[in-house]
Amino acid sequence: MTKKPPLVLDNAAARRIFLHAHALSHAPADGTDILALIRRLGFVQLDSIQTVARAHHHILHSRSSSYAAADLARLHGSDRALFEHWTHDASIIPIEHYPHWRIRFARTRQRVRDNPVWAERLGSRRILKRVLDRIRENGPLMARDFEDPGTPGEMWGWSRSKSALEYLWRTGVLAIPRRDSGFQKVYDLTERSVPADLLGAAPSKAETVDWACRAALERLGFATPREITNFWALILFEDVERWVERNRRNLVTVSLEGTDGKHVSALALPEVETWRDTAPSPPPIMRALNPFDPAIRDRKRLKRLFGFDYTIEIFVPEVKRKFGYYVYPLLDGDRFVGRVDAKTDRAADALAVRRIWHEPGVRTDAAFKARQAEALRDLARFGGTAKVVHAR
């Protein structure tokens, strides 16, 4: 049988497909179905840093102008439409995917059993029963509802009870049905938090691997086996490799052009040809994306597709930072054109812009400056402030 040649995607087409898959091919609109948006993205990373607003709120605002934090709280809390757990980091995930996280629960149980650090954190496995019994009797609780203090030198000063809560949550015994107003986790029994039909579902490993691979390709547009693995951070690389071999006939090999003109090979679902022909060009608007936005999560892919070299520097010592602690990438249409160091100043009722950097070759004409000014005004409004103030 003659091997089918790869589908060649030039850089412009690859960017269009990728941005459309990440819900960035249209201007943010009023009335967006937030649950449908989260389902389209797959998950939304949670983060506590709040220079303007927390990452999860900013990610959704970048795609929905009418989004409000109460929307996410309702979907996660009373509606039970979302659950919180780990992907590559703490994330909010559509509840229908919950059964597939059983594979992670089992892996975590094994890892904790084999890890002396966790044994030290817990002290004794009796703490697990004490914590579980108290939640079963008293209902949802936070770590601060337990009396034992944090232990200096242990993981972020976690107490024995906090370690137990985290172990029980990570292994699926407990769930986090909501966060409180201070972003603290509220823990409860999984059977009181997850709908019974999903709690009783037990997909096989093969079913979870198949779902994870296909769902990743749907949300990325195209990906290498490593990128498929990293999307959910749920299954192992060797599982993805075996899945690719089993499904080779039903996958499309694509040759992706980078901004440097070089091509790399990736995989896609057969729908990629339709996406190539129908994915719209993003509108001529600029938006400041969050550093944890899913479109920029994979820095290597970001550089390959867009020529944009971005590193979040929150863990870099101040004297070694190239740009700043929490710098927002600027997406202008289908190009990353710069980055801005900005922070909400409540006392001044303003978005304080410390500095803006533009990428080499960007033409900063009057139209560009108008789009940039509107992106900053939008960031200010989103942060609840009335104006933009630039450092002098």
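Taken together, the values in this text are just the output of simple stated rules run on the coordinates, not laboratory data. None of the values given here were measured: they were computed from a predicted structure. When we count neighbours, we look across all protein chains shown, and the Cβ atoms used for this are built from the backbone with ideal geometry, even at glycine.
Tabulated results
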item	result
Segments 113-126, 63-76 sorted - mean Cβ within 10 Å per residue, highest first	63-76, 113-126
Rg and Dmax [Cα atoms of the chain; Å; Rg one decimal, Dmax integer]	22.4, 70
Cα radius of gyration and Dmax for the stretch 297-392 (Å)	14.0, 41
Extension gain from Asp349 to His88, taking 0.36 nm per residue of separation minus the Cα-Cα distance	90.5 nm
Rg/Rh for the stretch 180-285, where both radii come from Cα atoms and Rh is the Kirkwood radius	1.10
Gained length - Arg144 relative to Asn247, 0.36 nm times residue gap less alpha-carbon distance	32.2 nm
Relative packing of 4-10, 214-220, 243-249, which averages over residues the other C-beta atoms within 10 Å, highest first	214-220, 4-10, 243-249
Under 11 Å, Cβ to Cβ, from Leu9 - net charge with Lys/Arg +1 and Asp/Glu -1	0
Per-pair calculated FRET efficiency, R0 = 30 Å: Glu120 and Lys205 via Cβ, rounded to 0.05	0.45
R0 of 25 Å, Cβ-Cβ distance Arg113-Leu236: FRET efficiency to nearest 0.05	0.85
Dimensionless Rg over Rh [the stretch 164-224; C-alpha; Kirkwood]	1.10
The chain, dipole about Cα centre (Lys/Arg Cβ +1, Asp/Glu Cβ -1), debye to the nearest 20	660
Size of electric dipole in the stretch 133-239: Cβ of Lys, Arg +1 and of Asp, Glu -1, about Cα centre, debye, nearest 20	220
Over the stretch 1-62 - Rg/Rh using Cα atoms and the Kirkwood inverse-distance radius	1.16
Highest to lowest packing among 375-382, 178-185, 325-332, scored as the average C-beta count within 10 Å	325-332, 375-382, 178-185
Lys262/Arg80 FRET efficiency (R0 35 Å; Cβ-Cβ; nearest 0.05)	0.15
Hull volume in cubic angstrom per residue (convex hull over the Cα atoms of the stretch 24-99)	97
Value of [θ]222 nm, deg cm²/dmol, for the chain, DSSP H segments ≥ 4, -39500 (n - 2.57) each, nearest 500	-11000 deg cm²/dmol
Compactness of the stretch 10-168 as Cα Rg over 2.2 N^0.38 Å, two decimals	1.28
Dipole in debye (nearest 20) - the stretch 1-63, about Cα centre, beta carbon charges: Lys, Arg +1; Asp, Glu -1	340
Residues in the stretch 52-86 that a label on Ala386 would reach, taking backbone N under 18 Å of a point 7 Å out along Cα→Cβ	none
Of Asn138, Ala119, His76, farthest towards positive along the dipole that unit charges on Lys, Arg, Asp, Glu beta carbons give the stretch 65-160	Ala119
Radius 9 Å from Cβ of Val353, net charge of other residues (Lys, Arg +1; Asp, Glu -1)	+2
Full-extension gain in nm, Asp133 to Asp10, via 0.36 nm per residue minus C-alpha separation	38.5 nm
